[in-house]
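Here's the structure we're looking at; comments come further down.
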Amino acid sequence: MILKYKEKHRPQFHFSPEEKWMNDPNGMVFFNDEYHLFYQYHPHGTTWGPMHWGHAVSRDLICWEQLPIALYPDEHGAIFSGSAVVDWDNTSGFFEEGPGLVAIYTSADHYPDSDRPLQRQSIAFSKDNGRTWVTYEGNPVLSDENITDYRDPKVFWHHETKKWVMILATGQTVMIYTSPNLRNWEYASQFGHDSGSHDGVWECPDLFKLPIDGDENNQKWAMLVSIGDNGKSKEGSRTQYFIGDFDGTTFVNENPDERILWLDYGRDNYAGVSWSDIPKEDGRRIYIGWMSNWRYANLVPTEVWRSGMTLPRELSLTSGEEGVRLVQNPVAEIEGIRKETKVHEDLVITDTDTSYPISELTEVNIEFKKGNATSFGLVIQSSQEEKTIIHFDVAKEMLFVDRTNSGDNSFSDSFPTVQEAPLKLKDGILKLQVFIDTSSIEIFANDGEVAVTSLIFPNEAVNQLQFFSNEGITNVPILKVTELNSIWSK
């Protein structure tokens, strides 16, 4: 008998559904001391199907309690992606006493006697902390017959204009709408025709303001836009972002001619958005993504369930020579599953491999000092044949994550790949924070300047770290190896 949450490849410190299919995170909102995570869910199969909203809650962002399905398909269609907010002032008129939760989502159907998708925006409300939901009798609240791909509303309250703002994915652009009450929406603007990547349909947008370098008096807006897989790009589905200004109706990209900015350089972080209504005294912008890729999501070698989420991450903005950039780091609450840390100092890495035994669930914090090597890195190994190689090329200023021999990759020709991230050393130092779960590796480089999220499916549990240095010596001032607890064993 296979114990629940102990199946082969089951994530042990990432959220995954007890069973069946999951994709995009939806409706993330903080209310009454709970983080809500809704998600695209197919309760009748382990591949994509008629979408519902699954539901889980957490008090610490790490350990999750799965709750009953929140939203089911109805007369308007399946329940596609969307968001949720706290209606603090009862602008919607749904709540007699105190604030409540309102979900804004896409109702997905087809036009009568047609294969053409019909996508419209609907709302539902909850008076009992998200445990039960009532769909609004006036649904849908927003539609446009001229646009086929018209989905994934992200809604927030804009304090300066005292209106609700919706950013909506509309084919190869996003549109912005405003509302006084979450029920009646007015078109405000459109963004994206001449900006960013258009390798696939735009999906799951988000828009929020953050201080630059922690300075509350100097803030910019960040827009996230995910890009679906259309087969043209080698990466499949992935997420880009823009930095600019927003006045309540219009977003202005401050770097319209600049290279495309990618949120994550790994293959397996998609459709991520941030939590709404985190208290001002907390001050964090916290994000989570779907840890998969549409290129092979339906094919990965799991049986009872399919898909997990990334670690929740705190987002921030930092300034540098190339402009303002988005930085991401795992939330501080990860401390709750850390066990013993082993510290090694002043290591010298040469052409001779240096290795350390590790557990299947491990966090690695390491600093490499360049020395005279042409490249250096570490190997995460489960056997002589199965390993993932993290490798920095000094001349190219590139971080490579090679999973071509990481384990089972027979399910898709797109899975065995070398992932590439541009990255500069800081004073000759490369800092890596690496989280190893049963079927994933998440890398945060140089304090979150670059992230690489990658699924792996080793046939045996990861058990060893190896370090290497090519054509010279690399120094490691400090190495910290921390064993992690499973969230399912608590």
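Annotations for the structure displayed:
- Dipole-positive endmost among 27, 50, 37 within segment 1-57 (Cβ charges, Cα centre): 50
- Volume of the convex hull of segment 25-91 (Cα atoms only), normalised per residue: 105 Å³.
- Accessible surface, per residue, of the chain when the full set of protein chains is kept, probe 1.4 Å, Å²: 40
- Across segment 291-305, rounded Karplus estimates of 3J(HN,Hα) from the backbone phi angles (6.51 cos²θ - 1.76 cosθ + 1.60, θ = phi - 60°) give 8, 6, 8, 4, 4, 8, 4, 6, 10, 4, x, 10, 10, 6, 9 Hz, Gly and Pro being marked x.
- In segment 3-146, the inverse of the mean reciprocal separation of distinct Cα atoms equals 16.1 Å; this is its Kirkwood hydrodynamic radius.
- Total charge dipole magnitude, the chain, about the Cα centre, Cβ charges on Lys, Arg, Asp, Glu only, Debye to nearest 20: 500
- Each Cα pair under 8 Å and six or more residues apart adds its sequence gap; the mean of these over the residue count of segment 330-478 is a relative contact order of 40 percent.
- Given charges at beta-carbon only (K, R positive; D, E negative), |dipole| of segment 214-323 in Debye: 640
- When all protein chains stay in place and ligands, DNA and RNA are ignored, the 1.4 Å accessible-area order of 63, 204, largest first, is 63, 204.
- Share of carbon and sulfur in the accessible heavy-atom surface of the chain [1.4 Å probe, %]: 45
- Descending principal axes extents, segment 105-212, alpha-carbon based, whole Å: 50, 41, 24
- For segment 1-106, averaging the sequence separation of C-alpha pairs within contact (under 8 Å, six or more residues apart) and dividing by the residue count gives a relative contact order of 21 percent.
- Heavy-atom accessible area, probed at 1.4 angstrom with all protein chains present, ranks 478, 288 as 478, 288, highest first.
- Per residue, the Cα convex hull of the chain amounts to 151 Å³.
The values are calculated or read from the model by the stated rules, or taken from the named source; none is laboratory data. Everything quoted here is computed from the prediction, not taken from an experiment. Virtual Cβ from ideal backbone geometry, glycine too; neighbours counted across all protein chains shown. Note: accessible area is taken over every heavy atom of the protein model, side chains too, but ligands, DNA and RNA are not part of it. Shrake-Rupley method; radii C 1.70, N 1.55, O 1.52, S 1.80 Å.
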